[in-house]
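So the structure is just underneath, and the comments pick up after that.
The values are calculated or read from the model by the stated rules, or taken from the named source; none is laboratory data. Bear in mind that the values here come from a model prediction, so they are computed numbers and not experimental data. Here the Cβ positions follow ideal geometry from the backbone for every residue, glycine too, while neighbour counts run over all protein chains shown. Ligands, DNA and RNA are excluded from the accessible area calculation, which covers all protein heavy atoms including side chains. Shrake-Rupley method; radii C 1.70, N 1.55, O 1.52, S 1.80 Å.
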Amino acid sequence: MAFDKRFRYPIYAIYGFVRYADEIVDTFHDYDKQQLIANFKAETFVAIEQKISLNPVLHSFQQVVNHYNISHDLIEAFLRSMEMDLDLTACDGEEYKEYIYGSAEVVGLMCLSVFCENIPELYKRLVPMARSLGAAFQKINFLRDVKSDFEDRGRTYFPNVDFKRFTERDKQCIEKDIEKDFDDAFTGIKLLPPGTRLGVYIAYIYYRQLFKKISRTPANTILQKRIRISDTQKTALYFKAVLHQKLKVI
C-alpha cells in the first residue's frame with residue numbers, strides 16, 4: 001500500500017464519508033435528496049458528539065474526527081458543497097471558490113489532519129499546499145466530466161464559461177489556473193511526514209498525467225467524451241512514483 005499502515009484506516013474512513021454524501025447527491029433521484037442530506041448531516045454530528053454510530057461509515061468517520069481533532073468547520077463546509085450540488089446550475093466567482101473549497105480542499109485538509117498526527121505547527125504550514133492540491137484535482141475533474149455535468153445534470157461549475165460556445169481560450173485560462181495550483185501543491189508534498197508522501201504523490205502524478213492528456217485534447221472534444229487514463233498507464237504511474245521515492249525526488 002502507498003500509505004504506512006497506521007494511516008490507512010483513517011484515510012479509508014474519510015473517503016467512505018465523502019463518498020457516502022456524494023452518492024446521496026448523484027444517485028438517489030427518486031427521493032428527497034435535500035432531506036437525505038439534512039438527515040446525514042444531523043447523524044454525522046450526533047455520531048461525533050456521542051462517539052458512536054450504528055452506521056458503520058459514520059462510526060469510522062467519528063473515530064477519526066475525534067482522534068485527530070478534525071475541525072468541524074471542515075465537515076460543515078463539505079456538507080454545504082454537497083447541498084449546493086442539489087440545485088446548482090451555474091456558479092459565479094464566489095460560489096465557484098466556495099464549492100471547490102468545500103468539495104475538495106477541505107477533504108485534503110481532513111487527510112492532512114491525519115498525516116500531521118496532531119502536530120498543529122506542521123498542519124498550519126501545509127494548509128495552503130493541501131488546499132492547492134485539492135483545488136487542482138477538482139478543477140481537473142470538472143474538465144474531465146464536462147459532458148456529463150453539462151448535458152446530464154445541467155451543471156456548469158466554471159464561472160463566466162458558456163459550454164455552448166466553449167473555446168480554446170476558455171480552456172487555456174482554466175488550465176493556467178490549474179497549473180499554478182499544481183506548482184504550489186508539489187512543494188507541500190515534499191514536506192509531508194514519512195509514510196504519507198508516496199500515497200499523495202501517486203495521486204499527484206496521476207492527475208498530472210490526466211491534466212496533460214486533457215491539455216492536449218481540443219476544447220470541442222472535451223465536450224464530446226470523458227478523457228481517462230488507461231489501467232496500463234495507471235500501473236506505470238504507480239511504479240514511476242515508487243521509483244521517484246527511491247531516488248528521493250519526493
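Here are the numbers:
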{"quantity": "FRET efficiency estimate (nearest 0.05) - Cβ-Cβ, Ala38 to Asp152, R0 35 angstrom", "calculated": "0.90"}
{"quantity": "Fraction of accessible area attributable to carbon and sulfur, the stretch 55-105 (%, probe 1.4 Å)", "calculated": "47"}
{"quantity": "Probe 1.4 Å, protein heavy atoms only - accessible area per residue of the chain in square angstrom", "calculated": "53"}
{"quantity": "Within the chain, helix-based [θ] at 222 nm, where runs of 4 or more DSSP H residues each add -39,500 (n - 2.57), nearest 500", "calculated": "-23500 deg cm²/dmol"}
{"quantity": "Residue order for His244, His72 - accessible surface, 1.4 angstrom probe, largest first", "calculated": "His72, His244"}
{"quantity": "Where trypsin sites (Lys or Arg not before Pro) fall in DSSP loop in the stretch 1-59, at most 12 other Cβ within 10 Å", "calculated": "Lys51"}
{"quantity": "In Hz, Karplus ³J(HN,Hα) per residue of the stretch 70-81 (6.51, -1.76, 1.60; θ = phi - 60°; x = Gly, Pro)", "calculated": "5, 4, 5, 4, 5, 5, 4, 5, 4, 5, 5, 5"}
{"quantity": "Placed amide H near Ala90: partners under 5 Å, 5+ positions off or other chain", "calculated": "Thr156"}
{"quantity": "Given charges at beta-carbon only (K, R positive; D, E negative), |dipole| of the chain in Debye", "calculated": "1500"}
{"quantity": "Solvent-accessible surface (1.4 angstrom probe) belonging to Tyr99, in square angstrom, nearest 10", "calculated": "10"}
{"quantity": "Whole-Hz ³J(HN,Hα) from phi, Karplus 6.51 cos²θ - 1.76 cosθ + 1.60, for the stretch 193-199, glycine and proline x", "calculated": "x, x, x, 10, 4, 5, x"}
{"quantity": "Phi-based couplings in Hz for the stretch 50-62 (Karplus 6.51, -1.76, 1.60; Gly and Pro marked x)", "calculated": "7, 6, 6, 8, 7, 7, x, 5, 5, 5, 4, 5, 5"}
{"quantity": "The stretch 40-69-the stretch 81-155 distance, computed between alpha-carbon centres (Å)", "calculated": "22"}
{"quantity": "Farthest toward positive dipole pole in the chain [+1 Lys/Arg, -1 Asp/Glu at C-beta], among Ala21, Phe211, Ser81", "calculated": "Phe211"}
{"quantity": "Relative contact order (%) - criterion: Cα under 8 Å, at least six apart; region: the chain", "calculated": "20"}
